[in-house]
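Participant: The structure's right below; bear with me while I get my questions together.
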């Protein structure tokens, strides 16, 4: 079975490439820039050339979790890919995220719950899912909790970079979810692909998130505990991490002034029962991710310093 991975330069895409390499999975990879097709014909050509048995599109999830704006052109490309997949009879798996919901349910969201998010992001996620669902019969939509990674644009890198730039973080205790380590996301997607390759015919929407619910504030606390050994942060300084006293209009909040708890938990019983995929805790991955982040951070600082030295020498 050969896989076409679209968005190979995203955090999940890079983790999947590593996972496929380790497992010996046959795959072709397209970066985000390589998949900015100008027409449906180009999308179909890319899919045909890959000779793939299944296509994985991780671009929308990466943009949503990374805070990168999703444009109408991105939705149109999802439609082109879905149509091409249908024409070539290639199953299509789209990675989506929990931000499609509003977050005001007291229980975990199930696959058959209506995507009730009111934000612009939620509307675009819904449009991408609808494009895949309407135009490709053999489709899979996998919604995940927020994915964090030591590289790329994710919540972990955003928090650590902001600490270095501003020296402090102010985060909400009432915005809650179940974050997913990037290697866990790759494990889940790869496991699903393996079973489709063995002939499983299970199409539709599935949910996956980690086993533990947390808030943005609590996630940052765990992050800081791991980061203290690599930085000069004062562990006893209360100003490093503070809780927001009021919401600033979180995505999907019906009324920011109410400052109600928004909880984006996903019910993962369907993916467990269909694929035997169990949820994993997220906390065990944080220390390793922080170590990798600072390895990249130190390398970048060294490279930037050498570049400045070369420019000064040249002057």
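Participant: Just checking: which of the strands (runs of 3 or more DSSP E) contained wholly in segment 165-242 hold 1 or more residues that are at pLDDT below 95 and farther than 24 Å from residue 144 by Cβ?
Facilitator: By residue number, 169-171.
Participant: Considering (1) at pLDDT 95 or above; (2) surrounded by fewer than 22 Cβ atoms within 10 Å (Cβ to Cβ); (3) in contact with a strand residue (DSSP E or B) (Cβ under 6 Å, 6 or more places away or on another chain); (4) farther than 30 Å from residue 45 by Cβ, say which one residue 91 fails and leave the rest.
Facilitator: For residue 91, the exception is condition (4).
Participant: Of the conditions (1) touching a strand residue (DSSP E or B) at 6+ places or on another chain (Cβ under 8 Å); (2) farther than 24 Å from residue 106 by Cβ; (3) assigned to a loop (DSSP other than H, G, I, E, B), residue 156 fails just one. Which one is it?
Facilitator: For residue 156, the exception is condition (3).
The rows are residues; the columns are (1) on the phi < 0 side of the Ramachandran plot; (2) touching a residue at least 24 places away in the same chain (Cβ under 8 Å); (3) surrounded by 18 or more Cβ atoms within 10 Å (Cβ to Cβ); (4) in a helix (DSSP H, G or I).
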| site | (1), (2), (3), (4) |
| --- | --- |
| 52 | yes, yes, yes, no |
| 62 | yes, yes, yes, yes |
| 69 | yes, no, no, no |
| 81 | yes, yes, yes, yes |
| 84 | yes, yes, yes, yes |
| 104 | yes, yes, no, no |
| 122 | yes, yes, yes, yes |
| 125 | yes, yes, yes, yes |
| 129 | yes, yes, yes, yes |
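Results for (1) surrounded by 17 or more Cβ atoms within 10 Å (Cβ to Cβ); (2) on the phi > 0 side of the Ramachandran plot; (3) at pLDDT 60 or above, shown as yes or no for each residue.
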residue	(1), (2), (3)
247	yes, no, no
258	no, no, no
262	yes, no, yes
269	no, no, yes
287	no, no, yes
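Participant: If you go through segment 1-42 one residue at a time, how many are touching a strand residue (DSSP E or B) at 6+ places or on another chain (Cβ under 9 Å), farther than 20 Å from residue 147 by Cβ and crowded, with 19+ Cβ neighbours inside 10 Å?
Facilitator: Within segment 1-42, residues that are touching a strand residue (DSSP E or B) at 6+ places or on another chain (Cβ under 9 Å), farther than 20 Å from residue 147 by Cβ and crowded, with 19+ Cβ neighbours inside 10 Å number 1.
Participant: Right, here's the next one. Residues 47, 5, 22: which one is modelled with pLDDT of 95 or more and part of a helix (DSSP H, G or I)?
Facilitator: Exactly one residue qualifies, and that residue is 47.
Participant: Here's another thing I want to ask about it. Taking only segment 178-228 into account, find how many residues are in contact with a helix residue (DSSP H, G or I) (Cβ under 6 Å, 6 or more places away or on another chain), surrounded by 19 or more Cβ atoms within 10 Å (Cβ to Cβ) and over 20 Å from residue 288 (Cβ atoms).
Facilitator: So the count comes out to 3.
Participant: Only residues that are touching a strand residue (DSSP E or B) at 6+ places or on another chain (Cβ under 8 Å) and on the phi > 0 side of the Ramachandran plot: list them for segment 186-233, please.
Facilitator: 204
Participant: What is the one condition in (1) modelled with pLDDT of 95 or more; (2) under 21 Å from the mean Cα position of the chain (by Cα) that residue 40 does not satisfy?
Facilitator: (2)
The values are calculated or read from the model by the stated rules, or taken from the named source; none is laboratory data. Since the model is a prediction, treat every value here as computed from it, not as a measurement. Every residue, glycine as well, gets a Cβ built from its backbone with ideal geometry; the counts of neighbours run over all protein chains shown.
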